[in-house]
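Colleague: Submitted below is the structure of interest, expressed as structure tokens.
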Amino acid sequence: MIGRGKSIKAGKTICLSYLGKHHEALGICQENQERGDYLMGEFSYWSAWNLQQLGLYAQAVPEIEKAQKYLYRNYEVLLLSGLIYFGLKNYERAEKDLADVLVHTLDLEAAFHLGKIYAHRNIWMESGQYFETAAKAGIQEQNFLEQKILEFGESELLEERK
């Protein structure tokens with residue numbers, strides 16, 4: 001995950017982002033970018049992520065482009081870029097970025113949105129193949145989470161921590 005363990009400000013940004021406090025997270029990102037923080041790529045990524053969550057796709061474009069320069073070929077950045085361009089209905093660019101994600105990892109969101117792009121174009125075989133890939137990624141993710149739940153259940157952690 002981008003930004004994890006890198007700084008307190010990055011951690012706060014991630015927490016606020018996942019809590020849906022997008023404007024607060026954007027403020028921290030802007031403050032750190034203006035300061036020239038060494039985590040410019042991460043703060044650009046989280047700015048784009050929060051803008052995308054707010055549906056401000058056009059405003060997210062310059063931020064995701066900056067993130068791509070700092071965090072070159074990072075699949076999380078490519079995924080977010082694809083989702084932003086999908087939101088802008090720029091399906092050609094979205095397709096390119098999302099397909100690049102699948103080169104690096106089996107990703108449910110990338111495959112699902114590629115399926116939607118091909119469905120939009122009425123290319124049903126490819127659409128179905130990407131939806132099938134998304135289903136496989138979902139099953140893989142579910143199996144991973146179920147395994148983690150079992151591991152926690154069998155661990156020696158205190159019950160309230162489990």
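Colleague: For the stretch 22-87 and the stretch 130-153, what is the separation of their Cα centres, given in Å?
Modeller: 27 Å
Colleague: Any idea what the relative contact order of the stretch 55-129 is, in percent, if you count C-alpha pairs under 8 Å spaced at least 6 apart? Mind dumping the intermediate values first?
Modeller: Working: 75 pairs, mean separation 16.6, N = 75.
22 percent.
Colleague: I've got another one for you. Compare the Cα positions of VAL103, ALA119, ASN74 along the charge dipole of the stretch 1-145 (+1 at Cβ of Lys, Arg; -1 at Cβ of Asp, Glu; about the Cα centre) and return the one farthest towards the positive end.
Modeller: The listed residue farthest towards the positive side: ASN74.
Colleague: For a protection proxy built on the mean count of beta-carbon atoms within 10 angstrom, sort 135-143, 27-35 highest first, please.
Modeller: Working: 135-143: 12.9, 27-35: 16.4.
Final packing ranking: 27-35, 135-143.
Colleague: Another one. For the stretch 69-162, what does the alpha-carbon gyration tensor say about shape, rounded, prolate or oblate, given a ≥ b ≥ c as the root eigenvalues, a/c under 1.5 as rounded, and a/b over b/c as prolate?
Modeller: Details: a/c = 3.26, a/b = 1.88, b/c = 1.74.
Note, shape of the stretch 69-162 comes out prolate.
Colleague: Pull out a ≥ b ≥ c, the square roots of the eigenvalues of the alpha-carbon gyration tensor of the stretch 46-124, then state rounded if a/c is under 1.5, prolate if not and a/b is larger than b/c, and oblate in the remaining case.
Modeller: Details: a/c = 2.10, a/b = 1.33, b/c = 1.58.
Oblate.
Colleague: Straight-line reach only, C-alpha to C-alpha below 17 angstrom: list the aspartates and glutamates that LYS162 could link to, leaving out same-chain residues fewer than 8 apart.
Modeller: By straight Cα distance, LYS162 reaches GLU146, GLU151, GLU154.
Colleague: Shifting gears a bit: Based on Cα coordinates alone, diagonalise the gyration tensor for the chain, multiply each eigenvalue by 5, take square roots, and list the semi-axes in whole Å, largest first.
Modeller: Numbers: eigenvalues 147, 134, 31 Å².
Ellipsoid half-lengths, sorted descending, are 27, 26, 12 Å.
Colleague: Could you work out what % of the accessible surface of the chain is carbon and sulfur, using a 1.4 angstrom probe and leaving DNA, RNA and ligands out of the count?
Modeller: Numbers: 5300 of 9760 Å².
Roughly 54 percent, rounded to a whole number.
Colleague: I've got another one for you. How much area per residue is accessible in the stretch 7-162 when the probe is 1.4 Å and only protein heavy atoms are counted (Å²)?
Modeller: It amounts to 60 Å² per residue over the stretch 7-162.
Colleague: Excluding residues fewer than 8 places away in the same chain, name every one of the aspartates and glutamates whose C-alpha is closer than 13 Å to that of LYS9.
Modeller: Of all the aspartates and glutamates, those that pass the test against LYS9 - Cα under 13 Å, at least 8 places apart if same chain - are GLU24, GLU31, ASP37, GLU42.
Colleague: So which of LYS12/LYS136; LYS96/LYS148; LYS96/LYS136; LYS116/LYS148 end up more than 23 Å apart by C-alpha?
Modeller: Values: LYS12/LYS136 33 Å; LYS96/LYS148 33 Å; LYS96/LYS136 21 Å; LYS116/LYS148 31 Å.
Exceeds cut-off: LYS12/LYS136; LYS96/LYS148; LYS116/LYS148.
Colleague: Can you tell me the relative contact order of the chain? Whole percent, Cα pairs under 8 Å, sequence separation 6 or more. Walk me through the intermediate numbers first.
Modeller: Values: 188 pairs, mean separation 19.5, N = 162.
The value is 12 percent.
Colleague: Nearest 20 debye, what's the magnitude of the dipole of the stretch 89-162 about its Cα centre given +1 on Lys and Arg Cβ and -1 on Asp and Glu Cβ?
Modeller: Working: 9 positive and 15 negative charges, 96 e Å.
Using Cβ point charges on Lys, Arg, Asp and Glu, the stretch 89-162 gives about 460 debye.
Colleague: To the nearest 20 debye, what charge dipole does the chain have about its Cα centre, counting +1 at the Cβ of each Lys and Arg and -1 at the Cβ of each Asp and Glu? List each step's numbers first, then the result.
Modeller: Numbers: 18 positive and 23 negative charges, 95 e Å.
With only Lys, Arg, Asp and Glu charged at Cβ, the dipole is about 460 debye.
The values are calculated or read from the model by the stated rules, or taken from the named source; none is laboratory data. Being a predicted model, the structure only gives us computed values, none of them experimental. Virtual Cβ from ideal backbone geometry, glycine too; neighbours counted across all protein chains shown. We work out accessible area using only protein heavy atoms, side chains counted, and drop any ligands, DNA or RNA first. Shrake-Rupley method; radii C 1.70, N 1.55, O 1.52, S 1.80 Å.
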